[in-house]
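The values are calculated or read from the model by the stated rules, or taken from the named source; none is laboratory data. Computed from a prediction, not measured in an experiment: that's the story for all the values here. When we count neighbours, we look across all protein chains shown, and the Cβ atoms used for this are built from the backbone with ideal geometry, even at glycine.
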């Protein structure tokens, strides 16, 4: 929920002091609510740029120029400074003096230079301008002028990304490095539990080894991924859907589950309606 712009008394210095104390109270209330709801401890932690990019897999950087950026999409920092939370509320009194000077200047209507941001997926990281972002949010503003550098990564980042998600995002990145599927296929091949990406990669590579043995030629990872997707994955999930065996969860969950049961019970890597009928009978 967006904050309501604070009132002005006409005394910018005193108003700035009240703004800082109000932002600190909001932080304390937020922490109390998180504790009462038993929510994860890192849900308000600011995202560290280098850790996020390392987990997602840096591809390239592009200068995107100047833009107007929504403040609630800015959730991280480049220099790992300790002073603000994910919502850029001040977490320490040490930032107060500079914070209040900027708040007073903004209240007087003084122009502020654009902040410097990195964009990764749907989220932004502050390189320069932490206090300006914090004050702008505290004053109820919705966006901010920024110079943006776009960082392309192998795996995207949504606005709900948390620091605790980074190990799982790293698993996802490694999967798509091992199995470089085309973009349109990636969303379909996504297990509910990101830890299953590793198991799925082993399945794909095993299928690729059997394919090379059968056809007596080597193929690169890109061709392997595409052949597996078109010749194995799509056909199998279609068979499972027609047989009413997809169950709950994602298609990839069913593919992993039924594939494991197939080999464990029937000792075969083949897929057919007869195999599915036998597998259903065995499971019953």
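For the reader, a short list of remarks on this structure follows.
- Of the set (1) within 30 Å of residue 178 (Cβ to Cβ); (2) touching a residue at least 40 places away in the same chain (Cβ under 8 Å), all apply to residue 50 but (2).
- The residues on offer are 149, 204, and the sole one that is assigned by TED's automatic domain parsing to the domain that holds residue 255, more than 15 Å from the chain's Cα centre (by Cα) and modelled with pLDDT of 90 or more is 204.
- If you filter segment 143-168 down to residues that are in contact (Cβ under 8 Å) with a residue 24 or more places away in the chain and surrounded by fewer than 14 Cβ atoms within 10 Å (Cβ to Cβ), you find that the one that is nearest to residue 73 (Cα to Cα) is 159.
- Residue 201 closer than 30 Å to residue 230 by Cα and without any contact (Cβ under 8 Å) to a residue 60 or more places away in the chain: yes
- Residue within segment 120-131 that is crowded, with 17+ Cβ neighbours inside 10 Å and assigned to a helix (DSSP H, G or I) present: yes
- Annotation: of all residues in segment 106-119 being modelled with pLDDT of 95 or more and not in a loop (DSSP other than H, G, I, E, B), the one that is surrounded by the most Cβ atoms within 10 Å (Cβ to Cβ) is 117.
- Selection of segment 207-226 for residues being under 12 Å from residue 179 (Cα atoms) and surrounded by fewer than 16 Cβ atoms within 10 Å (Cβ to Cβ) yields 220, 221, 222, 223.
- Candidates 69, 95 - the one that is touching a strand residue (DSSP E or B) at 6+ places or on another chain (Cβ under 8 Å), surrounded by 16 or more Cβ atoms within 10 Å (Cβ to Cβ) and part of a strand (DSSP E or B): 69
- Selection count where residues are assigned to a helix (DSSP H, G or I), loosely packed, with under 13 Cβ neighbours inside 10 Å and within 27 Å of the chain's Cα centre (by Cα), scope segment 12-40: 6
- Of the residues contained in segment 41-49, one or more are found to be modelled with pLDDT under 95, touching a strand residue (DSSP E or B) at 6+ places or on another chain (Cβ under 6 Å) and either surrounded by fewer than 15 Cβ atoms within 10 Å (Cβ to Cβ) or part of a strand (DSSP E or B) (or both).
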